[in-house]
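Below is one structure, written out as structure tokens; the observations come after it.
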Protein chains: 2
Amino acid sequence: MKVLVVGANGQIGKHLVSFIQDRDNMKAKAMIRKQEQASFFENLGAETAVVDLEDDIETIAEAAKGVDAVVFTAGSGPNTGPDKTILIDLDGAVKTMEAAKAAGVKRFVMISSFDTRREAILAANSSFAPYVAAKHYADERLRSTDLDYTIIHPGKLTNDGGTGQVEAAIEVERGEIPREDVASVIVATLENDSTISKEYQVVGGTTPIQDAVKSI
Amino acid sequence: MKVLVVGANGQIGKHLVSFIQDRDNMKAKAMIRKQEQASFFENLGAETAVVDLEDDIETIAEAAKGVDAVVFTAGSGPNTGPDKTILIDLDGAVKTMEAAKAAGVKRFVMISSFDTRREAILAANSSFAPYVAAKHYADERLRSTDLDYTIIHPGKLTNDGGTGQVEAAIEVERGEIPREDVASVIVATLENDSTISKEYQVVGGTTPIQDAVKSI
């Protein structure tokens, strides 16, 4: 299985490419914004594609050609300027969905935020609300495509080392999760087609990741 | 016909409420963000409703109850902070559509920007692109509702006095248009059900506004 990792140079993305490359039956193609980011991924033996999410659909589709799955883990993040929030977290995501379709790729895994329901936009503080809104509309759009999607809603991301154990369900209590564990959750999601057309929240917990994801 | 004007305190909105109040067969309800904005509209004999577009759908629906049409002419505008762009121009618009539906209002007139196609997002400069993206997704959402919508795409807005004459079609050459004429175009659109499920660009021109809108 060849996986295009969109946002490979992010913290989750780097763990993800590394874990994919460790698998016998998977290969990563790292989509990055700048050529100088390529060496990290080349050292892992991964292919790279230099594409900006502000480029057009055709350019993104070119990178998606020949892969079996797309993982969208790009994100301006809640701390970037809100001008990038709509252009990356919403429009970049929608263009990537269109690009997957254009390239004939069906499997699409979206890394969303913990709660992207309408109520969460209203509840968010003013600096976080634009980010939640962007993720809300991106998730909504993905559900309406005919892609084989999974939407992962991780809790508060930390840089702690992975534990290999999580709690995952449609709704779980708010909590933290190491980025390294999110990357493992993505790999498990790609390996379990039972997650197609589903979405789930995931935080740190006591269930081995493979079991937690299988039970979704 | 009673018309809820969302964004009444904007420059187009003020002209629009005034023109609606001048008609024998129309009445305006001005949706405004602050109580201190009410007197302008009360002096025109219009009803007012104090609602923030960052409020929830139920609150907006309360304002829409009993009206026959909703006009969305609110806008953070291209010069507001981009955090408001996604929350007002996209999410505020979508919440207003949902509110219209909840209140049983079918007719919905959207004041969009001149070109909101995907290519226009790519072509826009970096300060304008978030605004174009927000309008792109709002328009796209409106087309997918079962509201009796019309999307008006005006050219570059000016504060010149209205001329009463425009050019309107699915595509026209880029040009300017006084905000006062946009307000007249909205009134003509509300009066012509032939504009339902259509959208058109409009700039200054030589055709009387009623004729131009009727020919859409």
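FYI, it's all coordinate maths here, none of it is from the lab. Predicted model, so just to flag it, every value in this text is computed and none were measured. Note that each Cβ is placed from the backbone with ideal geometry, even for glycine, and that neighbours are counted across all protein chains shown.
Just a few scattered comments:
- Averaged over the residues of peptide A:84-93, the number of Cβ atoms from other protein chains lying within 10 Å of each residue's Cβ is 5.
- Residues A:VAL71, B:VAL105, A:VAL203 arranged by fewest to most Cβ contacts within 10 Å: A:VAL203, B:VAL105, A:VAL71
- Relative contact order computed over the stretch A:2-214 (Cα-Cα under 8 Å; 6+ residues apart), in percent: 18 percent
- Share, in percent, of DSSP beta bridges within the stretch A:2-214 that are antiparallel, nearest 5: 15 percent
- Computed over the protein assembly as shown, the per-residue total of -39500 (n - 2.57) for DSSP H runs of n ≥ 4 gives a 222 nm mean residue ellipticity of -10000 deg cm²/dmol, rounded to 500.
- 5 angstrom amide H check on B:LYS198, placed H, neighbours 5+ away: B:ILE151
- Base-10 log of normalised Debye intensity for the stretch B:143-216 (one unit scatterer per alpha-carbon) at q = 0.12, 0.22 Å⁻¹: -0.27, -0.88
- What the Cα convex hull of the stretch B:145-184 gives, in volume per residue, is 90 Å³.
- Panel values: the stretch B:67-179, Kirkwood radius from alpha carbon pairs, Stokes-Einstein at 37 °C and 0.692 mPa s, translational diffusion coefficient 223 µm²/s.
- For the residues B:GLU140, B:GLU47, B:GLU119, a GNM of chain B with alpha-carbon springs under 10 Å puts the largest fluctuation on B:GLU119.
- Other-copy label distances relative to B:GLY164, 7 angstrom Cα-Cβ extension, nm: 8.1
- Debye intensity ratio in log₁₀ form over the Cα atoms of chain B, taken at each q of 0.12, 0.16 Å⁻¹: -0.56, -1.05
- All aspartates and glutamates inside 20 Å of B:LYS156 as judged from Cα atoms, apart from same-chain residues fewer than 8 positions distant: B:ASP89, B:ASP115, B:GLU119, B:ASP139, B:GLU167, B:GLU171, B:GLU173, B:GLU176, B:GLU180, B:ASP181, B:GLU199
- Each other copy holds its own label point for B:SER197; taking that point as 7 Å from Cα along Cα to Cβ, the gaps run 2.9 nm, nearest first.
- Subset of A:LYS29/A:LYS95; B:LYS65/B:LYS135; B:LYS2/B:LYS65; B:LYS2/B:LYS106; A:LYS34/A:LYS65; A:LYS14/A:LYS214 violating a 22 Å alpha-carbon distance limit: B:LYS65/B:LYS135; A:LYS14/A:LYS214
- Placed amide H near B:ARG107: partners under 5 Å, 5+ positions off or other chain: B:VAL70, B:ASP148
- Position A:MET1, label points 7 Å along Cα→Cβ, spacing to each other copy in nm (shortest first, one decimal): 5.4
- Shape summary: the protein assembly as shown maps onto an equivalent ellipsoid whose semi-axes, from the alpha-carbon gyration tensor, are 45, 23, 17 Å in decreasing order.
- Amide H contacts under 5 Å for B:THR158, placed H, 5+ residues apart: B:ILE177, B:ARG179
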